[in-house]
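**Q** Pasting a structure here, questions to come.
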Amino acid sequence: MKPARTLIVSIVFAALAIGVAIWLYPHMPARMPNHWDITGRPNGYAPRFWAVAMWPLLILGLAVLTVALPRISPKRFEMESFAGIYAVLMLAIQGVMLVLGIAAMLAGTGHAVPMATIAPLTVGVLLMVLGNYMGKLRRNFFIGIRTPWTLASEAVWERTHRLAGWVYVLAGAAMVVLALAGAISGWSLAAVLIVVLIPHVCSYFIYRRLEGRHSSEGDVP
């Protein structure tokens, strides 16, 4: 996707968030919930203006990063080869912000919005989208599994991200099923988080297997 088209989609997302905010603003209390616990009960509040402004601001901030980060990427880590994939992933994250923002604004005005279902459901779908594209990312400093070992070796990066693709899709699918079944709990979220972190840990062992032996042999006089 070309940068201009990506920016247009981002502006549409932000405009939708602003439109919903303007529509609901007269019906909002002075302090709006902006955080919910795992059961869907509000446990954090903010002034009405900032509770609604944060969503379009987040979307626009991500839009700026989408355009800016490839331009400041250092040599040998250029992002042109996967620019389309990068744009899709950044738009997916912005889409999640839009869905969560609209749900939060509706919930704040008294509508029966099941935040305990919507939040993990959207995050699960996002993980599945990320997983489907993980294997197409190339080394960079801004998106993907960026550990010292993946950044040190193209081969380690590729194998780690192939693993991450499967892990993210499975973790995302698990979140979607748990959310739809109403079975989200602290333990299940912790388990999903641990699973998502597996590729980060495995990147070290992949590096040792692919690169460690050569390094040790090279150290022998």
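The values are calculated or read from the model by the stated rules, or taken from the named source; none is laboratory data. This is a predicted model, so every value here is computed, not measured. For neighbour counting, all protein chains shown are included, and Cβ atoms are generated from backbone atoms with ideal geometry for every residue, glycine included.
**Q** Yes or no: the stretch 163-175 includes at least one residue that is surrounded by 17 or more Cβ atoms within 10 Å (Cβ to Cβ), within 30 Å of Met32 (Cβ to Cβ) and in contact with a strand residue (DSSP E or B) (Cβ under 9 Å, 6 or more places away or on another chain).
**A** Scanning the stretch 163-175 turns up no residue that is surrounded by 17 or more Cβ atoms within 10 Å (Cβ to Cβ), within 30 Å of Met32 (Cβ to Cβ) and in contact with a strand residue (DSSP E or B) (Cβ under 9 Å, 6 or more places away or on another chain).
**Q** Looking at Pro56, Pro70, which one is assigned to a helix (DSSP H, G or I), in contact (Cβ under 8 Å) with a residue 24 or more places away in the chain and surrounded by 18 or more Cβ atoms within 10 Å (Cβ to Cβ)?
**A** Answer to the selection: Pro56.
**Q** Let me ask something additional. Has the stretch 124-135 got at least one residue that is in a loop (DSSP other than H, G, I, E, B) and surrounded by fewer than 21 Cβ atoms within 10 Å (Cβ to Cβ)?
**A** Within the stretch 124-135 (the criterion being in a loop (DSSP other than H, G, I, E, B) and surrounded by fewer than 21 Cβ atoms within 10 Å (Cβ to Cβ)), the answer is yes, since at least one residue qualifies.
**Q** Here is a check on your reading of the model: is Ile184 at pLDDT below 95 and crowded, with 21+ Cβ neighbours inside 10 Å?
**A** yes
**Q** Another question about this same structure. Could you identify the single residue in Ala119, Ala107 that is at pLDDT below 95, assigned to a helix (DSSP H, G or I), under 23 Å from Pro56 (Cβ atoms) and assigned by TED's automatic domain parsing to the domain that holds Thr66?
**A** One residue alone meets the criteria, Ala107.
**Q** Still on this structure, please answer the following. Of these, Asn34, Asn43, which one is within 15 Å of Gly110 (Cα to Cα), polar (S, T, N, Q), not assigned by TED's automatic domain parsing to the domain that holds Leu180 and not in a loop (DSSP other than H, G, I, E, B)?
**A** Asn34
**Q** Which number in (1) out of contact with any strand residue (DSSP E or B) (no Cβ under 9 Å at 6 or more places or on another chain); (2) over 19 Å from Ala179 (Cα atoms); (3) touching a residue at least 60 places away in the same chain (Cβ under 8 Å) marks the one condition that Met105 misses?
**A** (1) is the only condition that Met105 fails.
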